[in-house]
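Heads up, the thing below is written out as structure tokens.
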Amino acid sequence: MFFTVSSRAFRCVHAPEFTNALFSEKCQPFQLAFLKMLSDYAPKTWKEIRKISKHGHYLEDYEKKRIGQYLGLTSKEIQSLVNNYTVCQIAIDEKENYRIFGILEDFANTHLFKILLFDPNHLFYYNPNKSQYPWGSEAICLFSKENCSLVNCQPSLPKPTKKPRRK
């Protein structure tokens with residue numbers, strides 16, 4: 001499988017219930033895990049990746065809308081994402097709960113995964129046992145040269161809910 005990164009993925013996301021900021025001590029481990037995942041998954045097919053990772057799955061329409069909102073897409077762009085694209089999640093590292101979301105497309109007898117959103121904190125599918133929302137002085141933005149002030153905003157995390165079973 002080939003990987004590419006959407007230019008929209010390189011933006012800080014700080015919503016009350018989601019951020020792609022990291023605790024400073026997790027920045028390097030996240031980056032290393034991401035590079036290892038690219039190396040490990042590049043020679044594999046989507047079908048093989050789904051067998052390896054219990055977290056490789058397709059997103060439902062309401063989840064695609066959330067991705068679009070976090071990316072700052074317009075309503076028209078969100079509808080296009082929902083109606084025209086296959087959006088999936090892949091685990092970067094099963095143990096650390098790092099995730100990426102992207103568009104999966106057929107490409108030259110394999111697949112292309114266009115990364116849209118990084119979830120280094122397991123916040124997209126909030127789980128109080130796994131999810132951490134970095135904020136305050138210990139948090140750093142994943143894609144900002146200078147730490148933005150929004151990492152200082154206290155989160156508003158949801159109550160845990162059961163996810164629907166995946167196909």
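The values are calculated or read from the model by the stated rules, or taken from the named source; none is laboratory data. This one's a predicted model, so the numbers in the text were calculated from it and none came from an experiment. Positions of Cβ are backbone-derived with ideal geometry, glycine not excepted, and every protein chain shown enters the neighbour counts.
Remark: TYR58 matches the filter, which requires a residue to be under 27 Å from ASN109 (Cα atoms), touching a Cys at 6+ places or on another chain (Cβ under 7 Å) and among the aromatic types (Phe, Trp, Tyr). If you check ILE90, ILE103 for being over 10 Å from the mean Cα position of the chain (by Cα) and at pLDDT 85 or above, only one passes: ILE103. Checking the structure you have, find out if any residue of region 52-67 is at pLDDT below 95, surrounded by fewer than 19 Cβ atoms within 10 Å (Cβ to Cβ), assigned to a loop (DSSP other than H, G, I, E, B) and of a type in the set (Phe, Trp, Tyr). No, region 52-67 has no match at all. For ILE49, are the conditions met, namely being touching a residue at least 24 places away in the same chain (Cβ under 8 Å), of a type in the set (Val, Ile, Thr), crowded, with 18+ Cβ neighbours inside 10 Å and out of contact with any Gly (no Cβ under 6 Å at 6 or more places or on another chain)? Spelling it out, it is not the case that ILE49 is touching a residue at least 24 places away in the same chain (Cβ under 8 Å), of a type in the set (Val, Ile, Thr), crowded, with 18+ Cβ neighbours inside 10 Å and out of contact with any Gly (no Cβ under 6 Å at 6 or more places or on another chain). Against the numbered list (1) touching a residue at least 60 places away in the same chain (Cβ under 8 Å); (2) closer than 15 Å to ASN121 by Cα; (3) of a type in the set (S, T, N, Q); (4) surrounded by fewer than 17 Cβ atoms within 10 Å (Cβ to Cβ), GLN28 comes up short only at (1). Total residues in region 80-137 satisfying the condition of being touching a helix residue (DSSP H, G or I) at 6+ places or on another chain (Cβ under 7 Å), without any contact (Cβ under 8 Å) to a residue 60 or more places away in the chain and buried (at least 18 other Cβ atoms within 10 Å of the Cβ): the figure is 6.
I'm told LYS76 meets every condition in (1) within 21 Å of THR19 (Cα to Cα); (2) in a helix (DSSP H, G or I) except one. Can you identify the failing condition by its number? That leaves (1) as the condition not met. For first residues located in region 54-72 and more than 24 Å from LYS95 (Cβ to Cβ) and touching a residue at least 40 places away in the same chain (Cβ under 8 Å), partners that are among the β-branched types (Val, Ile, Thr) and surrounded by 20 or more Cβ atoms within 10 Å (Cβ to Cβ) and lie 6+ apart or on another chain with Cβ distances below 6 Å form the pairs TYR70/VAL13. Residues of region 1-28 that are part of a helix (DSSP H, G or I), over 16 Å from the mean Cα position of the chain (by Cα) and of a type outside the set (S, T, N, Q): GLU25 alone.
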